[in-house]
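Laboratory data are not the source of any read-out in this text; all were calculated from the coordinates shown. Everything numeric in this text was worked out from a predicted model, so none of it was measured. No Cβ is skipped: glycine too gets one built from the backbone with ideal geometry, and neighbour counts run over all protein chains shown.
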Amino acid sequence: VGGAVYTAVTGGSRWAIIMLSVLLVIDAARSVEMAFLNASRQQKRYAIWNILEAWSRPICAVMAVLLLEAKVEVILAGYVVASTAVFALSHKWAIASHAKHSGIEADRVKDLTERVEKYSLPLMPQGLVGWLSALSDRYMLAAIVGLHEAGIYSAIFGLISRPFLMAQSVSELTIQPIYFHAVATRESQAEAVIFRRWILINTAIGIAVLTLCIGGSDVIT
C-alpha cells in the first residue's frame, strides 16, 4: 500500500514496488525455514541454502542486466528469480495431505502454534530496532548531504562490513545450537560458560578483522 502511494505521488516504477513485494514474501518464507533449520541443528542444509542464496542473487541480477537493461526493477527481478529457484530447490515440500493427520496431531499443532505466537510477540519490536540500528543512518545521511553521498557511504559500508558479518555468522552457526541446547536442558553452568566463550570469540574475531582492515587499508581501498 505504501509503495502504491509512493509511485502515485512520485511517478516511480510500479514494477520495482511489485518486485520488492514479491521479494519480501520469499524472504519471509525463507526466514521461517532458516529458523527451523537452525533450531533442529541442520547446519549443513542451512549453510548450503545460504551459500546458494548469496551466489545466485548477484549472478541472476547481472544476467538480467546483460539481457535486458540496467534498471532497478530488472535487478530486483533477477533477485526474485534466484530466491524463488533456491527456495523451490531447498524447501522440503510436504507430501502427505493435511486431511490425513489425526485429531490428536491437529491439537498438538494448534497448541504449538499458540505457544510460538506467545513466545514471538514480545520479540517483534526487534525488527524495528534492527532496522534503526542497521539502515536508518542511510536515510539520515540522504536528508543531510544528499542521495549521492549516502549511496557511496552505503556501498562502502556494505563492502567493509562483509568480513565482520561472515565471521559473526560462522561463530553463530557453530555456537548457537550448543548454547540453545544448554538452555533447553537447563544446564545453567554450561550455559554461562558457553555464553562467555561466545562473547570472547566474537570479540577476538572482531579485533582481528579490524586490525587487518586498518593494517591493509591502502590495499583494500
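Ranking MET140, ALA150, ALA204 by Cα position along the charge dipole of the chain, where only Lys, Arg, Asp and Glu carry charges on their C-beta atoms, puts ALA204 farthest toward the positive end.
The modelled label-to-label distance between LEU200 and LEU67, using points 7 Å beyond Cα along the C-beta direction, is 5.2 nm.
Packing here is the average count of other Cβ atoms within 10 Å per residue, and on that basis the peptides 170-180, 23-33, 122-132, highest first, run 170-180, 23-33, 122-132. The residue list ALA167, LEU123, LEU89 was ranked by how far each Cα lies along the charge dipole of the chain toward its positive end, using unit charges on Cβ atoms, and LEU89 comes out on top.
Within the chain, helices built from complete DSSP H runs that reach 30 Å or longer along their own axis (Cα positions) and carry a mean Kyte-Doolittle hydropathy of -1.0 or higher are 14-39, 43-67, 147-184, 188-215.
Could you size up the charge dipole of segment 110-151 around its Cα centre, putting +1 on the beta carbon of Lys and Arg and -1 on that of Asp and Glu, and report it in debye to the nearest 20? Don't skip to the end; give the middle numbers.
Working: 4 positive and 5 negative charges, 23 e Å.
In total the dipole reaches around 100 debye.
Rg ratio for segment 122-190: its Cα radius of gyration over 2.2 N^0.38 Å, N being its residue count, equals 1.61. Relative to the Cα centre, the charge distribution of segment 90-221, modelled as +1 at Lys and Arg Cβ and -1 at Asp and Glu Cβ, gives a dipole magnitude of about 280 debye. Within a straight-line Cα-Cα reach of under 17 Å, LYS44 can be paired with the following aspartates and glutamates, leaving aside sequence neighbours fewer than 8 residues apart in one chain: GLU33, GLU53, GLU172. Quick check: Cα centre of segment 1-48 to Cα centre of segment 101-155, how many Å? Taking the Cα centre of segment 101-155 as reference, the centre of segment 1-48 is 11 Å away.
The mean of 1/r over all distinct Cα pairs in segment 69-221, once inverted, gives the Kirkwood hydrodynamic radius of 20.8 Å.
Here the chain is treated with +1 on each Lys and Arg Cβ and -1 on each Asp and Glu Cβ, and its dipole about the Cα centre works out to around 440 debye.
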